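Asker: First the structure, which I've put down as structure tokens, then a few questions once you've had a look.
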Ligand code: ADP
Ligand code: ADP
């Protein structure tokens with residue numbers, strides 16, 4: 001079974017004033033296979049964040065359906081949500097929490113029993129073990145982004161979704177984040193990432209769907225896409 005299955009997904013945002021609202025997703029269908037790194041590539045405004053926000057339960061779809069790890073987002077949002085970890089674009093944590101506290105707090109929110117928590121292991125995975133007791137506000141931008149990845153993995157989801165993981169970061173940090181995403185995938189996590197950098201999708205992903213103006217205009221292996229270009 002696919003890790004994620006999306007069928008005829010439509011999102012029309014509510015209109016402001018006269019005229020219809022913005023049609024952000026115009027009948028999107030695709031499957032994300034298990035085990036790989038799947039790229040959702042498209043320009044700004046294509047509908048990538050809308051799609052992720054629907055999967056995350058943050059935006060209500062207009063019509064269509066989606067399953068995450070076999071759980072339908074209408075019938076079983078609770079299990080669907082537990083099957084994904086989301087790394088948002090914005091860095092969001094309490095500046096006076098330490099990385100260890102950020103992860104323990106997240107584990108608490110998910111009801112992960114103490115004996116099953118693995119905050120230290122996660123900090124090691126994202127190369128932040130030596131920062132466990134530093135205030136989050138003192139971390140570099142790269143460290144904060146790595147902490148966000150660890151936070152998204154606290155409840156051990158089989159699928160990790162990253163929304164524009166390297167937007168606005170420098171070349172060196174981009175490389176570090178690519179390496180980390182690859183490491184997480186090698187540990188068995190299915191990865192989905194959105195990006196507007198073709199280079200990023202080519203470098204990281206084994207499969208790429210291209211989305212433009214709310215429609216999927218290509219969905220191929222990276223090799224097939226590169227050979228077409
Ligand atoms: P992307 O992530 O690919 O840049 P988005 O999903 O953010 O694209 O946006 C898709 C379209 O929907 C854009 O035209 C955007 O302006 C519009 N849009 C996004 N969020 C809202 C919203 N909350 N209300 C109205 N329109 C929105
Ligand atoms: P700074 O902004 O101070 O450079 P970073 O967050 O970029 O801090 O990195 C902190 C440390 O973690 C660096 O020594 C870097 O080499 C190491 N590091 C970051 N990512 C990785 C990785 N994927 N694999 C190994 N070491 C890493």
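Read the figures in this text as sums done on the coordinates, not as results from a lab. Remember, it's a predicted structure, so these values are computed and weren't measured experimentally. Methodologically, a virtual Cβ is constructed for each residue, glycine included, from the backbone with ideal geometry; neighbour enumeration extends over all protein chains shown.
Asker: On C-alpha positions alone, give me the angle between the axis of helix 141-152 and the longest principal axis of the chain, in degrees, nearest 10.
Answerer: 80
Asker: Here's something else I'd like to know. Taking the chain as the reference, fit the longest principal axis to its C-alpha atoms, fit the long axis of helix 99-109 to the helix C-alpha atoms, and give the angle between the two in degrees, 0 to 90, nearest 10.
Answerer: It works out to around 60 degrees.
Asker: Here's a follow-up. If each DSSP helix of 4+ residues adds -39,500 (n - 2.57) and the sum is divided by the residues in the chain, what number results at 222 nm, nearest 500 deg cm²/dmol?
Answerer: Values: 8 runs with 74 residues, N = 229.
Helix contribution divided over all residues of the chain: -9000 deg cm²/dmol.
Asker: What FRET efficiency comes out for residue 94 versus residue 220 if R0 is 45 angstrom and r is the Cβ-Cβ distance? Round to the nearest 0.05.
Answerer: On the way: r = 42 Å, r/R0 = 0.93.
Approximately 0.60, to the nearest 0.05.
Asker: Tell me, what is the FRET efficiency for residue 23 and residue 121 to the nearest 0.05, using R0 = 35 angstrom and their Cβ-Cβ distance as r?
Answerer: Details: r = 44 Å, r/R0 = 1.25.
E(calc), rounded to 0.05, equals 0.20.
Asker: Another question, then. Of the listed peptides 73-83, 10-20, 98-108, 196-206, what is their order by residue-averaged count of other C-beta atoms within 10 Å, with the highest listed first? Write out the running numbers ahead of the final one.
Answerer: Details: 73-83: 16.0, 10-20: 10.8, 98-108: 19.5, 196-206: 17.8.
Result, highest mean first: 98-108, 196-206, 73-83, 10-20.
Asker: What nm value, rounded to one decimal, do you get for the distance between residue 129 and residue 186 when each label is placed 7 Å out toward the C-beta?
Answerer: Going from the residue 129 label point to the residue 186 one covers 1.6 nm.
Asker: I've got another one for you. Per the Cauchy relation, a quarter of the hull surface: what is the mean projected area of the convex hull of the alpha carbons in the chain, in nm²? Could the numbers behind the result be given before it?
Answerer: On the way: hull surface 54.3 nm².
Result: a mean projected hull area of 13.6 nm².
Asker: Against the longest principal axis of the chain, how steep is helix 171-186, in degrees 0 to 90 to the nearest 10, with axes from Cα atoms?
Answerer: Rounded to the nearest ten degrees, it is 90.
Asker: Determine, from the Cβ-Cβ distance of residue 7 and residue 196 and an R0 of 22 Å, the FRET efficiency 1/(1 + (r/R0)^6), rounded to the nearest 0.05. Can you show the working numbers first?
Answerer: On the way: r = 25 Å, r/R0 = 1.12.
Efficiency computed from Cβ-Cβ geometry: 0.35.
Asker: Is region 8-115 best put as rounded, prolate or oblate by its Cα gyration tensor, with a ≥ b ≥ c the root eigenvalues, rounded for a/c under 1.5, and otherwise prolate when a/b is larger than b/c, oblate when not?
Answerer: Working: a/c = 2.01, a/b = 1.57, b/c = 1.28.
Judged from the Cα gyration tensor, region 8-115 comes out prolate (a/c at least 1.5, a/b above b/c).
Asker: Please compute the modelled spin-label separation between residue 60 and residue 44, points set 7 Å along Cα→Cβ, answer in nm with one decimal.
Answerer: Modelled inter-label distance: 2.9 nm.
Asker: Also: Any chance you could check the Cα centroid distance between region 150-193 and region 19-73 for me, in angstrom?
Answerer: First find each Cα centre; the distance between them is then 19 Å.
Asker: Among 174-185, 48-59, how do they line up by average Cβ neighbours within 10 Å per residue, starting with the highest?
Answerer: On the way: 174-185: 17.4, 48-59: 20.7.
Per-residue mean Cβ counts within 10 Å order the peptides as 48-59, 174-185.
Asker: Taking 0.36 nm per intervening residue step and subtracting the Cα-Cα distance, what contour gain separates residue 179 from residue 78 on full extension? Numbers along the way, then the final one.
Answerer: Numbers: separation 101, 0.36 × 101 = 36.36 nm, distance 3.08 nm.
Full extension of this stretch gives 33.3 nm more.
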